[in-house]
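The values are calculated or read from the model by the stated rules, or taken from the named source; none is laboratory data. Bear in mind the structure is a predicted one, so any value in this text is a computation, not a measurement. Cβ atoms come from the backbone with ideal geometry, glycine included; neighbour counts cover every protein chain shown. Note: areas computed on protein heavy atoms with side chains; ligands, DNA, RNA excluded. Shrake-Rupley method; radii C 1.70, N 1.55, O 1.52, S 1.80 Å.
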Protein chains: 4
Amino acid sequence: MCRWLAYSGTPVLLESLLYEPEHSLIDQSLHARMGVETTNGDGFGVGWFGPEMRTPAVVREIGPAWSNRSLREIAGHVRSPLFFAHIRASTGSAVQQTNCHPFRHGRWMWMHNGAVEGFDRVRRDLALAVDPRLFTGIEGSTDSELMFFLALTFGLEEDPPGAVARMAGLVERTGRERGVRDPLQMTVAVTDGVRLWAFRYSSRGASRSLYYSSRVETLRALHPGTAFLREASPRTRLVVSEPLGDLPGVWNEVPEGSCGVVRPEGDALLPFAPLPV
Amino acid sequence: MCRWLAYSGTPVLLESLLYEPEHSLIDQSLHARMGVETTNGDGFGVGWFGPEMRTPAVVREIGPAWSNRSLREIAGHVRSPLFFAHIRASTGSAVQQTNCHPFRHGRWMWMHNGAVEGFDRVRRDLALAVDPRLFTGIEGSTDSELMFFLALTFGLEEDPPGAVARMAGLVERTGRERGVRDPLQMTVAVTDGVRLWAFRYSSRGASRSLYYSSRVETLRALHPGTAFLREASPRTRLVVSEPLGDLPGVWNEVPEGSCGVVRPEGDALLPFAPLPV
Amino acid sequence: MCRWLAYSGTPVLLESLLYEPEHSLIDQSLHARMGVETTNGDGFGVGWFGPEMRTPAVVREIGPAWSNRSLREIAGHVRSPLFFAHIRASTGSAVQQTNCHPFRHGRWMWMHNGAVEGFDRVRRDLALAVDPRLFTGIEGSTDSELMFFLALTFGLEEDPPGAVARMAGLVERTGRERGVRDPLQMTVAVTDGVRLWAFRYSSRGASRSLYYSSRVETLRALHPGTAFLREASPRTRLVVSEPLGDLPGVWNEVPEGSCGVVRPEGDALLPFAPLPV
Amino acid sequence: MCRWLAYSGTPVLLESLLYEPEHSLIDQSLHARMGVETTNGDGFGVGWFGPEMRTPAVVREIGPAWSNRSLREIAGHVRSPLFFAHIRASTGSAVQQTNCHPFRHGRWMWMHNGAVEGFDRVRRDLALAVDPRLFTGIEGSTDSELMFFLALTFGLEEDPPGAVARMAGLVERTGRERGVRDPLQMTVAVTDGVRLWAFRYSSRGASRSLYYSSRVETLRALHPGTAFLREASPRTRLVVSEPLGDLPGVWNEVPEGSCGVVRPEGDALLPFAPLPV
């Protein structure tokens, strides 16, 4: 199990979301509440866009986030209008930088919470399905990175929801051919630096938790004293594995089998289901 | 808070005590039950004696113990009649090798759970009290290492209980001069490779937990099916911050303000109190 | 021995100075030419100022710079008008984050190449001379950090050249009292985020190398084809342990026993000598 | 480029070969003489057999060997009759534990110096050729690990020289199909804990350097004052990428295209050439 956070909106210091909230992502690295594992100490990553950046900067390290000084420095000094942060709890694969999220391909970033069940049985078949021109870019050994490369193979850069649906379809078909009943469990965030997609899906219809923040104007009315909200633009959104605190009216569950899009022309929440490949 | 384990007895593979028990030290690194902090992921160390070794080997690393492959390898392949293991939860000082336990000086090893309260206020005075010839051996920034160097200054190599008592006395006097009411909280293990001392003490009489295992013959009678016990010599003893499981009759609390000694000529449990310096 | 680089001028991507030059600092981490040691692989650090930053961000890590992916990411995505970079070759003290440069105190950054000779003999006395209110901020075990804390003790924030001169005076007096003939060897860079001071001094008058770049207008005339120079402001300056390439007319040696200042009101090169304390 | 050392013979403290010789492997990590790269600082590994060990202990870490304290501890305290040590200079793949040598499978260890040329072009085809039951054991992203898994696929555990020859044959055929003229460059060491094989081969007949030590009785006659040789059994052998010093009569070059075997029933030097698959 892992925990993640995706932000899009008014540029903020990363620390104002990673460290300052009552139940921040860094706090969750020590004491997550909603997951199978309460400790997420097997590496972390942060990826951010900023002015004049054609690709996101992605810093991933293998120790726990809670004690990492470089993360503290970056979070305390970097402002970004669009960033991802992820804390990892390995379910078996090696603790190494190349297994940490977010993964990047050009302008694209990807992060995942969940698992391909029976990954040992399907890893080879899934690796073979990756476009041979992309194959050599696989650096780590996680299911999450392979899911990203499959989504890229299926056209992520043209049609993100469709590509993710076909990736999910392939994982399910391959898993079931190998005797896995519920092959996929995922919450996924993807971005191209402008738009942000978040997916919640699992083969058995009982997905890991996923929440999105309410509209800024609603939040401002509910919590008039919160400094951050005064400056936040109407388009500001957070998507998180687990709420960052207990403020009423802030967090809404992403429904099972759905895909949320945050984009300049307005947000949307769409149904999501795997597509056959 | 930290957790530690000290073993003396029939040579065993380290993993049989570090990984195999139900609530092993490695399990405690993720889920301690008795401490203030449930996660001990800020580094670890293991120090062992073996045949033909004039000094103990001490391996300390800065990541969490639970995912460390080198620790797994060492524990799975090294047998020792006398070893220490420690998992760290930093209370503020840097996560770095030189702050990990056990500390070593010649044949001597030292590990600690607890804290010098108000350490910032007394650190300089305590450092000045270290024998100038030893001072340059201080590599890290913890209270625990400084306690070790003070004990060495006060004659640890000649009279361990007396030197630890004087160290405790100095810490208490210095703390109180600086307005700290309860300056010392400690469980400490020390060894010279032959004998093993364990101390439990705190200024406010409410020390961190500490347990020692029952005599092997008692354990054998209680748990006739346990393989490890069949081979264990009568002198075999474990001292631990926290029991390694729930077997009845195995664990005995070290009393407040006491010092246990495990040595070839027989074990002893003595009262312990700071001495004025 | 270590190598360092200090930049002040038109905001640049860090990578344009850390990675792109022919004999860049990262190249020097593998193949330094001018030092005693050709490999500088015992940790590194980078500290930068940027818009809206009251303190510099300081990222220090313990592996070699040449293979560090997080440094590559930061350098490829962060622009700064004033930054320090340092690669370390340990002369004995532990390879740990708290021993990596630059060191920071509030807005101030400090980095050093050189050594306090006979450091083991003087470390305690020098540590005692640190202002007790600052003492507890010492986290590592290097001579370089101690030199910084001594300079802070002697008024670095009010009079940098004077404070560094008094620090040097104390190091020389203390060393000589302990029988060290040539106690100090240093090139040091210091900044408060606006001004930048660089010192070159050694007790025996044979200091480690130090260079500063020529005026931008001179460079532009010499090398009309260099893109970076077209955008660089007249105040842009680099100070480096070792030239970043062989372009004629670019690099000038900082003379023995001198202190250079780069500041908005114009640069200056002054004589430097230790002051008695 | 990398450097490695394989030892079989009278049990020795690892440090007596890794640290003590004039041009030891650890010295080579900073200053190799014979390779393309003089610095081998991208991780290291040591694997050893000992009494009662069914599998070798393998400790691999990602920093440079020269400053690693855990390696120093292990080397100073572990005695072994058969061990491997490897220092890595990455030619592009990630610096991570799973890319460090030696690799292990059951009782088998494998280490490599060299490269599969054009690895990006052939990586996918070679991965597909790995036995599907072994595929999921691939943890890293190096050519070296893939060569090991191919050799295992081709029967390494039954016929090491034959399996390595078929692996080499596949690498050459695959590379040439993808337009690589000289696909393979290798010196490889393999062991099952009893026997030790060393291979030197390259497609263009200009292999990386490889040396084996002379018979102990010859060495003893040449260098009667060397302590280590007085205790060494007649079967003691070292195979190294680069001589550990300049003593005359000690080192013999392994010829191009050959395979040396060190085993209880006597050593042998055989020709080696790839086999078609």
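Taking the range C:28-53 as the search range and keeping residues that are part of a helix (DSSP H, G or I) and open to solvent by less than 30 Å² (accessible area, probe 1.4 Å), which one is nearest to residue D:41 (Cα to Cα)?
C:29
The number of residues in the range A:235-255 that are farther than 16 Å from residue A:189 by Cα and among the basic types (Lys, Arg) comes to 1. When D:85, D:65, D:115, D:75 are checked against the criterion of being within 14 Å of chain B (Cβ to nearest Cβ) and either touching a residue at least 60 places away in the same chain (Cβ under 8 Å) or basic (Lys, Arg) (or both), a single residue qualifies: D:75.
Conditions tested, residue by residue: (1) open to solvent by less than 10 Å² (accessible area, probe 1.4 Å); (2) not in a helix (DSSP H, G or I).
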| residue | (1), (2) |
| --- | --- |
| C:123 | no, no |
| C:126 | yes, no |
| C:156 | yes, yes |
| C:163 | yes, no |
| C:167 | yes, no |
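Within the range D:54-96, which residues are of a type in the set (A, V, I, L, M, F, W, C) and part of a loop (DSSP other than H, G, I, E, B)?
So the first thing to find is which residues in the range D:54-96 are of a type in the set (A, V, I, L, M, F, W, C), and the list is D:57-59, D:62, D:65-66, D:71, D:74-75, D:78, D:82-85, D:87, D:89, D:94-95.
D:62, D:78, D:89, D:94, D:95, listed by residue number.
List pairs: first residue in the range B:38-49 and more than 10 Å from chain A (Cβ to nearest Cβ) and in contact (Cβ under 8 Å) with a residue 60 or more places away in the chain, second residue charged (D, E, K, R) and open to solvent by 10 Å² or more (accessible area, probe 1.4 Å) anywhere in the structure, Cβ distance under 7 angstrom, at least six positions apart or on different chains. The qualifying pairs are B:45/B:60; B:47/B:104.
Identify all residues within the range C:211-232 that are surrounded by 12 or more Cβ atoms within 10 Å (Cβ to Cβ) and outside any helix (DSSP H, G or I); write none if there are none. Quick ask: steps written out before the conclusion?
Filtering the range C:211-232 for residues surrounded by 12 or more Cβ atoms within 10 Å (Cβ to Cβ) gives C:211-216, C:218-223, C:226, C:228-229, C:231-232.
Correct list: C:211, C:212, C:213, C:214, C:215, C:223, C:226, C:232.
Hey, any hits in the range C:15-27 for a residue that's of a type in the set (Ser, Thr, Tyr), away from chain D (no Cβ under 12 Å), in contact (Cβ under 8 Å) with a residue 24 or more places away in the chain and open to solvent by 20 Å² or more (accessible area, probe 1.4 Å)? Checked against the condition, which is being of a type in the set (Ser, Thr, Tyr), away from chain D (no Cβ under 12 Å), in contact (Cβ under 8 Å) with a residue 24 or more places away in the chain and open to solvent by 20 Å² or more (accessible area, probe 1.4 Å), the range C:15-27 yields at least one hit. Could you please find all residues in the range B:170-193 being open to solvent by 10 Å² or more (accessible area, probe 1.4 Å), out of contact with any Leu (no Cβ under 8 Å at 6 or more places or on another chain) and either of a type in the set (Gly, Ala, Ser) or outside any strand (DSSP E or B) (or both)? Correct list: B:173, B:176, B:177, B:178, B:179, B:180, B:181, B:182, B:192. Inclusion of residue D:75 among residues that are buried (at least 24 other Cβ atoms within 10 Å of the Cβ), closer than 28 Å to residue B:54 by Cα and out of contact with any strand residue (DSSP E or B) (no Cβ under 6 Å at 6 or more places or on another chain) is warranted. Pairs meeting the criteria (first residue in the range A:207-228 and at pLDDT below 85, second residue assigned to a strand (DSSP E or B), beta carbons under 8 Å, at least 6 apart or on different chains) are A:219/A:213; A:228/A:12. The condition of being away from chain B (no Cβ under 11 Å) and more than 23 Å from residue C:31 (Cα to Cα) holds for residue D:9.
Report, by residue number, each residue of the range A:194-210 that is surrounded by fewer than 20 Cβ atoms within 10 Å (Cβ to Cβ) and closer than 16 Å to residue A:252 by Cβ. A:209, the sole residue that qualifies. Each residue in the range C:88-112 was checked for being more than 7 Å from every other protein chain (Cβ to nearest Cβ) and open to solvent by less than 30 Å² (accessible area, probe 1.4 Å), and 12 of them qualify. In the range D:237-277, counting only strands (runs of 3 or more DSSP E) that sit wholly within it, the ones holding 1 or more residues that are exposed (fewer than 15 other Cβ atoms within 10 Å of the Cβ) and touching a strand residue (DSSP E or B) at 6+ places or on another chain (Cβ under 7 Å) span D:251-253, D:268-271. Residues in the range D:171-199 that are among the charged types (D, E, K, R) and under 20 Å from residue D:54 (Cβ atoms): D:192, D:195. Among the residues here, residue D:169 qualifies as over 15 Å from the mean Cα position of the chain (by Cα) and not polar (S, T, N, Q).
Looking at the range B:28-37, is at least one residue over 23 Å from residue C:62 (Cα atoms) and within 14 Å of chain D (Cβ to nearest Cβ)? Step through it out loud before you land on a result.
From the range B:28-37, those over 23 Å from residue C:62 (Cα atoms) are B:28-37; that's our starting set.
The next check asks that each one be within 14 Å of chain D (Cβ to nearest Cβ); those that pass are none.
So far as the range B:28-37 goes, no, none of its residues is over 23 Å from residue C:62 (Cα atoms) and within 14 Å of chain D (Cβ to nearest Cβ).
So is residue A:59 open to solvent by less than 40 Å² (accessible area, probe 1.4 Å) and at the interface with another protein chain (Cβ under 8 Å from one of its Cβ atoms) or not? Here the answer is yes, as residue A:59 does meet what is asked. Residues in the range D:124-159 that are away from every other protein chain (no Cβ under 14 Å) and not polar (S, T, N, Q): D:147, D:148, D:150, D:151, D:152, D:154, D:155, D:156, D:157, D:158, D:159. When you scan the range C:61-71, do you find a residue that is modelled with pLDDT of 95 or more and farther than 26 Å from residue A:102 by Cα, even just one? Taking every residue of the range C:61-71 in turn, none turns out to be modelled with pLDDT of 95 or more and farther than 26 Å from residue A:102 by Cα.
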